[in-house]
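One structure is given here, and the rest of the page talks about it.
The values are calculated or read from the model by the stated rules, or taken from the named source; none is laboratory data. These figures come from a predicted structure and were not determined experimentally. With ideal geometry, Cβ positions are generated from the backbone for all residues, glycine too; neighbour counts draw on all protein chains shown.
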Amino acid sequence: MRVPVAIIGAGPAGMLLSHLLAADGIESIIVEARSEQYVLARIRAGILEHSSVELLSSVGLGARLASRGLRHRGVYLQSPEERQHIDFVDLVGRSVWVYGQTELQKDLVDARAEAGQQICYEATDVGMDNLTTDRPTVSFTDHRGCHRHIEADAIVGCDGSFGPSREAIPNTVKQIWERTYPYSWLGVLASVAPSTDELIYAWHPDGFAMHSMRSPEVSRLYLQVPNDTLVSQWSHQRIWDALAERLGHTTGGWELKAGPITEASVLPMRSYVQNPMRYGRLFLAGDAAHIVPPTGAKGLNLAIADVALLAPALVALVRNKDSGPAAEYSDTALRRVWRCTHFSWWMTNMLHISGDPFDAELQKSQLRWLSTSTAAAAGFAENYAGLPLTAMKTR
Ligand code: APR
Ligand code: PHB
């Protein structure tokens with residue numbers, strides 16, 4: 001079988017890339033290890049940057065986002081002494097949207113199904129070959145046990161942090177940067193109305209806590225926990241008590257509403273960057289090339305930014321045999337990746353308890369700086385609400 005672009009992975013990066021390519025008349029095939037139901041049920045991130053929303057709306061994926069997404073002007077940052085609101089709209093003229101990745105995945109699956117996109121779910125033994133030729137190949141065993149072989153002009157690895165694509169770039173060519181943080185998040189989904197109008201990121205001597213949401217009826221909350229934590233060590237009562245303690249503040253007048261917890265899991269925190277994001281005719285996008293800790297809400301937005309940059313480069317390569325934009329893809333994408341890697345690392349370090357009292361004083365000083373300096377708050381807002389998709393091209 002021959003197709004212009006073979007995409008490995010049907011997460012948001014792979015699905016959106018196929019959608020963008022189709023909008024330009026370029027056909028693709030998607031090969032995915034899991035089932036459609038599994039991919040649709042995964043609970044992941046929940047914040048879309050201004051430019052992610054603009055892009056999704058401009059390619060016909062904005063309808064449910066407009067009706068169900070919650071537009072937020074900013075976020076709250078707090079310590080037990082103070083809760084401050086950072087207003088992104090006032091500071092940088094941009095806002096963010098609460099819209100679960102699960103919802104976006106549904107929009108993408110529906111849009112691709114309507115367009116007749118070929119998605120090979122439940123593929124096994126996925127491999128790739130001939131990457132440094134102009135006829136790279138993907139092979140796999142399909143859900144019926146038949147061996148399949150695809151010849152393409154380009155292969156895009158959108159297969160997340162455990163997929164085979166990043167491994168296909170030889171060690172002699174690639175450079176990897178990695179940081180594992182000494183804490184994790186215990187994340188819960190609860191059937192209770194959010195106790196806040198916008199997200200709360202809370203510094204607390206017991207550990208970081210966060211209040212996010214999925215809808216007016218569903219709250220998403222997180223607690224900093226040690227790395228070896230088991231969900232079974234945290235009863236629902238213990239979770240609500242810790243959240244109430246860490247999210248509370250002395251200025252008063254606020255109470256956390258508790259409700260039934262429907263899902264709980266422990267999330268490790270990691271930074272990872274791989275350079276280059278391209279090897280011959282193999283391109284990496286999304287988590288396949290980089291991981292950020294969830295504190296800055298950048299993972300999903302970076303995946304969207306990658307494919308927004310890659311789609312026109314692949315169109316130029318496949319249709320016009322112009323390899324210029326494809327050659328620039330990795331360097332250009334990595335500028336945004338490093339900006340977001342720094343911001344996520346910085347925000348993680350500012351808010352999580354390390355156990356060192358010196359760190360704690362520096363963190364409180366940083367939070368005070370953000371609440372007293374418009375310049376500092378604007379820098380935070382610019383990074384959190386996100387740079388325009390074109391911002392990294394000219395620098
Ligand atoms: N073959 C085919 N598909 C694979 C393979 C494989 N060997 N290994 C993994 N996959 C699939 C996974 O099952 C998953 O559906 O690749 C897909 C990768 O999707 P995501 O992990 O969602 O990654 P991405 O599309 O880059 O989206 C990034 O996901 O982890 C979050 O915070 C991150 O929100 C960000 C987003
Ligand atoms: C979420 O809603 O799941 C969420 C929001 C912001 C973050 C991380 C996770 O920084």
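Scanning segment 289-309 for residues that are away from ligand 2 (no atom under 16 Å from the Cβ), in a helix (DSSP H, G or I) and either of a type outside the set (Gly, Ala, Ser) or under 12 Å from residue 337 (Cα atoms) (or both) turns up 305, 306, 307, 309.
Checking 238, 179, 220 one by one, the residue that is modelled with pLDDT of 95 or more, in contact with a strand residue (DSSP E or B) (Cβ under 6 Å, 6 or more places away or on another chain) and more than 22 Å from residue 41 (Cα to Cα) is 179 and no other.
All of 310, 317, 367 fail the test of being crowded, with 19+ Cβ neighbours inside 10 Å, within 17 Å of residue 201 (Cα to Cα) and either touching a residue at least 60 places away in the same chain (Cβ under 8 Å) or among the hydroxyl-bearing types (Ser, Thr, Tyr) (or both), apart from 367. Scanning segment 335-365 for residues being within 15 Å of residue 293 (Cα to Cα) and not aliphatic (A, V, I, L, M) gives a total of 12. Taking segment 68-88 as the range and being more than 19 Å from residue 45 (Cα to Cα) and part of a helix (DSSP H, G or I) as the test, only 88 passes.
Restricting 91, 65, 56 to residues that are assigned to a helix (DSSP H, G or I), within 15 Å of ligand 1 (Cβ to nearest atom) and either at pLDDT 95 or above or within 30 Å of residue 144 (Cα to Cα) (or both) narrows the list to 56. Among the residues of segment 41-53, those that are assigned to a helix (DSSP H, G or I) and either surrounded by 15 or more Cβ atoms within 10 Å (Cβ to Cβ) or at positive phi (or both) comprise 50, 51, 52, 53.
Return yes or no: is residue 278 touching a Phe, Trp or Tyr at 6+ places or on another chain (Cβ under 8 Å) and charged (D, E, K, R)? Against the criterion (touching a Phe, Trp or Tyr at 6+ places or on another chain (Cβ under 8 Å) and charged (D, E, K, R)), residue 278 qualifies.
Residue under question is residue 198, and the condition is that it be part of a strand (DSSP E or B) and charged (D, E, K, R); does it hold? No; evaluated as a whole, the condition is false for this residue.
Residues that are among the charged types (D, E, K, R), on the phi > 0 side of the Ramachandran plot and in a loop (DSSP other than H, G, I, E, B) within segment 122-154 comprise just one, 122.
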